[in-house]
Amino acid sequence: MQTAIQLQQLLGRIDGRSYPAYKDTRGTYQFPGYALSIDHVQGDPFAAPSKLSIHVKEEKAGFPHHLYAKPCQRIALQDAITRLFAQKASQFSGVAKGSGHSGLISITRCGQEVLERTACGINPTTGDLVLRLEVGFPARGRTIDARGLEKILFDLLPQCVGQSLFYRNLDGRHLQRVADLAEDQQYIRDKLPELGLCAFVADGSILPRVSGVSSLPMKASVPFQSPQELAVTLELPHRGKITGMGIPRGITLIVGGGYHGKSTLLKALELGVYNHVAGDGREYVVTDQTAVKIRAEDGRSIQHADISMFIHDLPNGKDTTCFSTEDASGSTSQAANVVEAMEAGAGVLLMDEDTSATNFMVRDELMQRVIRRDMEPITPFLERVEELYQNYGISTILVAGSSGSYFHPAHHIIQMDRYVPRDITALAKQEATAFPAPCTRLEPASVPNFHRCPKPCGEFRRGERVKLKTLGRDGVSINRETIDLRYVEQLTDAEQLTALGYCMVYAQQQLLDGKHTLQQVVEELDRLIEQKGLGVLCETAFLARPRKQEIYACFNRYRGLVF
């Protein structure tokens, strides 16, 4: 390891030289209280910024062990540190002027969800801290502006480090509240199975968001208030008693008029698989960790999926126990999404009538009279929803605004009335008696076949360079293939998609052999990330951890996958 003085001398020697001479700065340098590592140097001022990392030993960082003793607390503390550093860095970014990205100082921009990221990591054993950032090395045209970089590395960056990475300079009470909130949220999540619940929504939660493009809470919105029939009281480790609506396992229907908050509640539930920061309004909206949002997805790729539970006897004779298509319809895509969620271990399915294929969800009595059952290859979800719960233990939470067919199988019916939930199960069941359910006697479906063994592609040979590009939250491009993830709605951060891209590359180069099933491959990926961290996928990229269910979703939408 070199000294900071040596770096300063090096910058003096290369000042005014052509930009590629910046590559001589790669290495690790000891600064007062921390080590600065220049891991990757951009080749041009207009290229992606250089990648740096800051390493702080436990005795200098000084964060008390009780703040990160549990995994949920550690992830929350890392998130808080990342936000603090980003706030400080934003004040200095662009101070050093020049061409291209000159003077840029950037780090991950965290959203409302608390995610495990590579941007900041605390070793749970040693307490050592690592923070990763990007810096645009300053240039005048295409020549080195070493004085500008010296100002960043020796003036601005030390201020950011001192004000965000050293516990002695921070608000300890704030960090304690962060750790306590994370522990309370995890407590609720752990309690759900014991209480027989799919989800919990605390009284006072603010569910509406500012807009469709902002995840910030809406001001002056109606606070959530649980109906008495579904009220559950918990004793949290730190906050103490908290009351809210518990959604029991089974089949739950959410109904109500348009714009009364049905989809808003469902959206909060689908993101309840993540913890949220204080002030978000959904801090105590907690959903079963395995819950999967299901929707129709016209045009998606399906490969070797057993959708015979819902689709069978196609007129073209296509085998639906091993179904493949490059351009799925609404019904076949939604059928595949359900079966793939089962394969991914989902315990809860979240569905909205508005984003579902009508012919997949229900066939009314008149249609059944006109089009006989033996002429219809689709078995509606309505006729399988109870079987999914009874035989597979998979609960369903469904938003419906136009069809009353689901009143019959539903165990609990919640009406949203001007954003206030009401339990109308008894009333709805009474009214449903006037509309008898069609008499359907289906044989239980065969257990779907999940024995799919993906093979490696030739273009992913170990050691060869792979071009990977994240397309915001829409998808990820790997070499010449784009994986469309627009409709995997529980992906909340672009860095999760980057991680999914690296999951694909790692699996192609290390795990796929045509002998292990997709389930085994994904389980191994999830195990590696859990044990070794996201850095096992890529040490320098900004990554956020996706759930196992989203790893499955990425594999299942990759058109280049070979079985």
As an exercise, take the mean of 1/r over every pair of distinct alpha carbons in the stretch 182-259, invert it, and state the Kirkwood radius in angstroms. 14.1
Neighbour-limited loop hits for trypsin sites (Lys or Arg not before Pro), the stretch 199-240 (at most 15 other Cβ within 10 Å; DSSP other than H, G, I, E, B): Lys219
The convex hull of the Cα atoms of the stretch 2-170, divided by residue count, gives a volume in Å³ per residue of 101
In the stretch 1-94, the trypsin sites (Lys or Arg not before Pro) that fall in loop regions by DSSP, at most 10 other Cβ within 10 Å: none
Bridge orientation stat for the stretch 2-170 from DSSP, antiparallel percent rounded to 5, came to 95
For the stretch 221-298, what value does the Rg/Rh ratio take when both radii are computed over Cα atoms and Rh is the Kirkwood radius, given to two decimals? 0.96
In the chain, what % of DSSP beta bridges are antiparallel (nearest 5)? 75
Fewest to most Cβ atoms within 10 Å: His412, His65, His238 sort as His65, His238, His412
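Once the convex hull of the alpha carbons of the stretch 186-448 is built, what does its volume come to per residue, in cubic angstrom?
Hull volume over Cα atoms, normalised by residue count, gives 134 Å³.
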By what distance, in whole Å, do the Cα atoms of the stretch 458-556 stretch along each of the three principal axes, largest value first? 31, 26, 26
Scan the stretch 108-137 for trypsin sites (Lys or Arg not before Pro) in coil per DSSP, keeping those whose Cβ has at most 15 other Cβ atoms within 10 Å, and list them by number. Arg109
If I compute percent of Cα pairs over 31 Å apart from the structure I just sent, which labelled value in [x] 59; [y] 51; [z] 54 lines up? [z]
Exposure proxy order (Cβ contacts within 10 Å, fewest to most) of Ser226, Ser90: Ser90, Ser226
Sort Met504, Met1 by Cβ crowding within 10 Å, fewest neighbours at the top. Met1, Met504
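Compute the Rg/Rh shape ratio of the stretch 244-375: radius of gyration over Kirkwood radius, all on alpha-carbon atoms.
When Rh is taken as the Kirkwood radius, the ratio is 1.03.
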For the stretch 300-458, the Cα gyration tensor yields equivalent-ellipsoid semi-axes (√(5λ), largest first, whole Å) of 30, 19, 14
Projecting the Cα atoms of Ile54, Asn556, Gly257 onto the charge dipole of the chain, where Lys and Arg contribute +1 and Asp and Glu -1 at Cβ, the residue farthest towards the positive end is Ile54
Helix-only estimate, please: 222 nm mean residue ellipticity of the chain, summing -39500 (n - 2.57) across DSSP H runs of length 4 or more and dividing by its residues, to the nearest 500. -8500 deg cm²/dmol
Between the stretch 1-64 and the stretch 168-242, what is the separation of their alpha carbon centroids in Å? 41
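Laboratory data are not the source of any read-out in this text; all were calculated from the coordinates shown. Not measured: the values here are computed from a predicted model. Here Cβ is always computed from backbone atoms with ideal geometry, including for glycine, and neighbour counts include all displayed protein chains.
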